[in-house]
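Student: This structure is in structure tokens; I'll ask about it shortly.
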Amino acid sequence: MTTYQNPILPGFHPDPSICRVGEDFYLVTSSFEYFPGIPVFHSRDLIHWEQIGHCLTRNSQVHLVTGAPNCLNIYAPTIRWHDGLFYVIVTCVTGDNHGNFIVTAKDPAGPWSEPIPLPFPGIDPSLFFDADGTVYYTGTDDGIYLCAVNPETGEAIGERHRIWQGTGANNPEGPHLYRINGMYYLLLAQGGTELCHMAAIARSESVYGPYTSCPHNPVLTNIGHNLPIKAAGHADLVEDTNGNWWAVCLGIRPLAYPFRHNLGRETMLVPVRWEDGWPFFGEDGAVLPQFTTDAALPTEIPEGYAPGSAVTDTFSGEALHPSWNYCYNPVPGLVEQKDGTLRLLGNAAALSEDAPKAWLGRRQEHFCCTAEADLEFLPEADGEEAGLSIYMNPGHHYEIVRTRQNGQPCVLLRRRIGSLCAAEHVIPCADARMTLRLTCSREWYQFSFAAQSAPETFVSVGGGEAGYLTTEAGGCFTGNYIALFASGNGKPMKNAAVFHRFAYLPGAE
Ligand code: 6LW
């Protein structure tokens, strides 16, 4: 028997899709305005995962747009493998279009190809490779539809066909097709990605239908269960090497009542069993925070970086640690890792502007955790700043800020919740080097710092409620990031803020 905990990918890892090649499982999640885009994970036991790369690592592959933070750009992807090639199909949602495209790779760690554009509208694309060689696109555009496609060229083949639309709940989306024991199965999400989220399944002898709804739909939901995981849905099925079936799906873990979540939609793993040609997910269709199953695969701990693990980064080597993301496509010169440091040269964009800026963040993956950053920075002009932020989006973030006011170098707390912004607890400090600390709990984000002249003495600058940096209070489809930032606040900085070390330390949940 094996016992495992959910989420298997903590923090902002929504809309998971999974495939298996031999004994190896690969999983991708949506990434919205963060770059690189579409993180790729690998596992051999479905429980322990390592991040092996990203699909979108070049500006030529995607141009991430501003305008609606946490709501646009890279939506739900699907990963499939066929005939030696990995395919990821995804939507880039910009203000004026929903551009669906495919990228391919022989090695899922990358590099991935340039996008193959598709002529299909809507979101949540998926690919199904049928036994007769036909490849089908399924997607969501005011309902679920299917069309044959050439995945090498992106050309549609024949007409689009609306197929099963779920059980009548709102927002049928996230469709995936499978052929199991001679039947076609269509799994989809419905109810919307909030507390009414669920998954439903139907089957047919023809890929075009008619589809028969599963008698116990919704097959996956946490509605009606008093569980710490809610909003379960957007699932993808996979069979392991022992013939056992599993589903990955998204779920949220609210801080407390009323249900507000700050870690984003996370990836969950659910055991699935089949009876009379129908799947039974989880425990009575629910995603539990812990499952005990004799179906689990032998434990294999991968060597690579695992979401949810402690990280200490001293910025050595050429490449950034895989946990780091830029906000939008990186702008040359704003963020640079060199000579064992991370240098942030603020442009004119303030932290609260929806614009590319000197910002580098990593997901908050635990309710209780600590982040520390060793900063060397003596602002030369009033308004120049650098610091450590808990950041949902430009309108919702708290940070400890090293800056200069009226010619006086200082450290202060700043909190922005929508149109409310306060800078307070200004503490004069002439030290060029200091350690900034963020301590996260379910209730509170607390900031402090220790100047180099008194490295053991952490001075509090205060903090803010965790409940106001949640999706329900001011976010959309993403979760909180812990970010390093610098800004000239209206004009480019002359000298970079230099970070020498960053540490992310999970606490007791
Ligand atoms: C995803 C879709 C959804 O594409 O949210 O609310 C989108 N439902 O399935 C972004 O996660």
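The values are calculated or read from the model by the stated rules, or taken from the named source; none is laboratory data. Computed from a prediction, not measured in an experiment: that's the story for all the values here. All Cβ positions, even for glycine, are placed from backbone atoms using ideal geometry, and neighbour counts span all protein chains on display. Note: areas computed on protein heavy atoms with side chains; ligands, DNA, RNA excluded. Shrake-Rupley method; radii C 1.70, N 1.55, O 1.52, S 1.80 Å.
Student: Using a 7 Å offset from the Cα along the Cα-to-Cβ direction at both I157 and E353, what is the distance between the two label points in nm, to one decimal?
Tutor: Reported label-point gap for I157 and E353 is 5.0 nm.
Student: Something else: Please give the calculated 222 nm ellipticity per residue for the chain, where each DSSP H segment of at least 4 residues contributes -39500 (n - 2.57) and the sum is spread over every residue; nearest 500 deg cm²/dmol?
Tutor: Taking each H run of at least 4 residues, the total per residue is 0 deg cm²/dmol.
Student: Same structure, new question: Are there GluC sites (Glu not before Pro) in the range 272-329 that DSSP marks as loop and that have at most 11 other Cβ atoms within 10 Å, and which are they?
Tutor: E303, E318
Student: Give the residues of the range 244-275 whose amide nitrogen is closer than 20 Å to a point set 7 Å from the Cα of H48 in the direction of its Cβ.
Tutor: So the set is 267-271.
Student: Treat each spin label as a single point 7 Å out from the Cα along the C-beta direction, and report the I223 to L195 distance in nm.
Tutor: In this crude label model, I223 to L195 measures out at 1.3 nm.
Student: Calculate one ³J(HN,Hα) per residue across the range 104-114 by plugging θ = phi - 60° into the Karplus curve 6.51 cos²θ - 1.76 cosθ + 1.60, and present them in order as whole Hz with x for glycine and proline.
Tutor: 10, 7, 7, 10, x, 6, x, x, 9, 6, 5
Student: Using θ = phi - 60° and the Karplus relation 6.51 cos²θ - 1.76 cosθ + 1.60, list the HN-Hα couplings for the range 410-421 in order, rounded to whole Hz, with x at every Gly or Pro.
Tutor: Going residue by residue, I get 7, 10, 8, 9, 10, 10, 10, 10, x, 7, 8, 9 Hz, with x marking Gly and Pro.
Student: Check which residues have an amide H placed less than 5 Å from H396's amide H, if you skip close sequence neighbours.
Tutor: G418
Student: Please calculate how many Å² of accessible area the range 139-224 carries per residue, with a 1.4 Å probe and no DNA, RNA or ligand atoms counted.
Tutor: Here the residues of the range 139-224 average 42 Å² of exposed surface.
Student: Still on this structure, I have one more. Could you work out how far apart the two model spin labels at C71 and L378 are, taking each label as a point 7 Å from the Cα in the direction of the beta carbon, and quote it in nm?
Tutor: For the pair C71/L378, the computed spacing is 4.5 nm.
Student: Still on this structure: Explain nothing, just compute: Karplus ³J(HN,Hα) = 6.51 cos²θ - 1.76 cosθ + 1.60, θ = phi - 60°, for every residue of the range 231-240 in order, whole Hz, x for Gly and Pro.
Tutor: Going residue by residue, I get 6, 5, x, 6, 9, 9, 9, 8, 9, 8 Hz, with x marking Gly and Pro.
Student: I would also like to ask the following. Run through the range 1-92 and list the trypsin sites (Lys or Arg not before Pro) located in a DSSP loop whose Cβ has at most 15 other Cβ atoms within 10 Å.
Tutor: The qualifying sites are R58.
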